[in-house]
1. Restricting to the range 99-122, and then to whatever is part of a strand (DSSP E or B) and over 27 Å from the mean Cα position of the chain (by Cα), can you tell me which residue is surrounded by the most Cβ atoms within 10 Å (Cβ to Cβ)?
2. Considering only residues that are small (Gly, Ala, Ser) and in a strand (DSSP E or B), look in the range 83-98 and name the one that is modelled with the lowest pLDDT.
3. Out of 50, 58, I need the residue that is open to solvent by 100 Å² or more (accessible area, probe 1.4 Å), modelled with pLDDT of 80 or more and of a type in the set (Asp, Glu). Which one?
4. Does at least one position in the range 132-154 carry a residue that is open to solvent by 30 Å² or more (accessible area, probe 1.4 Å) and modelled with pLDDT under 85?
5. Let me confirm something: among 47, 75, which residue is under 21 Å from residue 161 (Cβ atoms) and basic (Lys, Arg)?
6. Return a yes/no flag: does the range 67-79 have any residue that is at pLDDT 80 or above and either open to solvent by less than 80 Å² (accessible area, probe 1.4 Å) or farther than 29 Å from residue 124 by Cα (or both).
7. Is there a residue being at positive phi and either within 27 Å of the chain's Cα centre (by Cα) or in a loop (DSSP other than H, G, I, E, B) (or both) anywhere in the range 129-141?
8. Residues of the range 155-168 being open to solvent by less than 60 Å² (accessible area, probe 1.4 Å), closer than 19 Å to residue 73 by Cα and in contact (Cβ under 8 Å) with a residue 24 or more places away in the chain, which ones?
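The values are calculated or read from the model by the stated rules, or taken from the named source; none is laboratory data. None of these values were measured; they are calculated from a predicted model. Glycine gets a Cβ as well: all are built from the backbone with ideal geometry, and neighbour counts include every protein chain shown. The protein model used for the area step is the full one, side chains on, heavy atoms only, and it has no ligands, DNA or RNA in it. Shrake-Rupley method; radii C 1.70, N 1.55, O 1.52, S 1.80 Å.
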Amino acid sequence: TDNQALITYIAASLKNSIGGAYSKSQGRIDSIKLARQSEINAEIEKKIEEKLKDYAAEVKALREQLAIQQDIAMKSLSLKVTAKFSKSGSKRTVKVTWTPSSKISGVKYQLYKSAKKSAGFKKLTTTSKTTIRNTNGLRKGNTYYYKVRAYKYLKGKYYYSGWSNVRSCKISK
């Protein structure tokens, strides 16, 4: 066996004495350590990859839960709209203001306007504010109708609230 061959070599060739040439490391053991270290590194990398996959799945699940919560919050959000006419010089203005029932970060609003109470609404603007001053196309004697809805863009999907009440405003001057 290997052991027996080594013992015979030490006894016969070296006369039962290991000299200075063999007292220092010759690098053979370090090579074994390096080979083993690469195996250890490979095992560590594999475990890290497994953990990353677990974390990625966890993050995905949390994002899906957040999206569901945002969807629920947006659907339960209600908006109350008011509209007030004013005139300064020849400039007619309708100030449209709305109040959300709850505070949701990152929400934007779409304001729609129509000359009819229940049809013909067209988007007037999109904003993150809760007040808009409409000065375009306002004619004396006409009544305009306004409604608002909130929306939020999250993870490639839009979430919308229900429509606000429809608020009318008569242009009197």
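1. Applying the first criterion (part of a strand (DSSP E or B)) to the range 99-122 yields 99-100, 108-114, 122.
The next check asks that each one be over 27 Å from the mean Cα position of the chain (by Cα); those that pass are 112-114, 122.
Numbers: 112: 18, 113: 23, 114: 18, 122: 8.
The residue in question is 113.
2. Going residue by residue through the range 83-98, those that are small (Gly, Ala, Ser) are 83, 86, 88-90.
Applying the additional criterion that residues be in a strand (DSSP E or B) yields 83, 86, 88.
Numbers: 83: 91, 86: 92, 88: 85.
Here the residue is 88.
3. Working: 50 fails: open to solvent by 100 Å² or more (accessible area, probe 1.4 Å).
Just one listed residue meets the conditions, 58.
4. Yes, because at least one residue in the range 132-154 is open to solvent by 30 Å² or more (accessible area, probe 1.4 Å) and modelled with pLDDT under 85.
5. Values: 47 fails: under 21 Å from residue 161 (Cβ atoms).
The match here is 75.
6. So the first thing to find is which residues in the range 67-79 are at pLDDT 80 or above, and the list is 78-79.
Right, trim to either open to solvent by less than 80 Å² (accessible area, probe 1.4 Å) or farther than 29 Å from residue 124 by Cα (or both) and you get 78-79.
Looking through the range 67-79, at least one residue is at pLDDT 80 or above and either open to solvent by less than 80 Å² (accessible area, probe 1.4 Å) or farther than 29 Å from residue 124 by Cα (or both).
7. Within the range 129-141 (the criterion being at positive phi and either within 27 Å of the chain's Cα centre (by Cα) or in a loop (DSSP other than H, G, I, E, B) (or both)), the answer is yes, since at least one residue qualifies.
8. Passing the criteria: 159, 161, 162, 164, 165.
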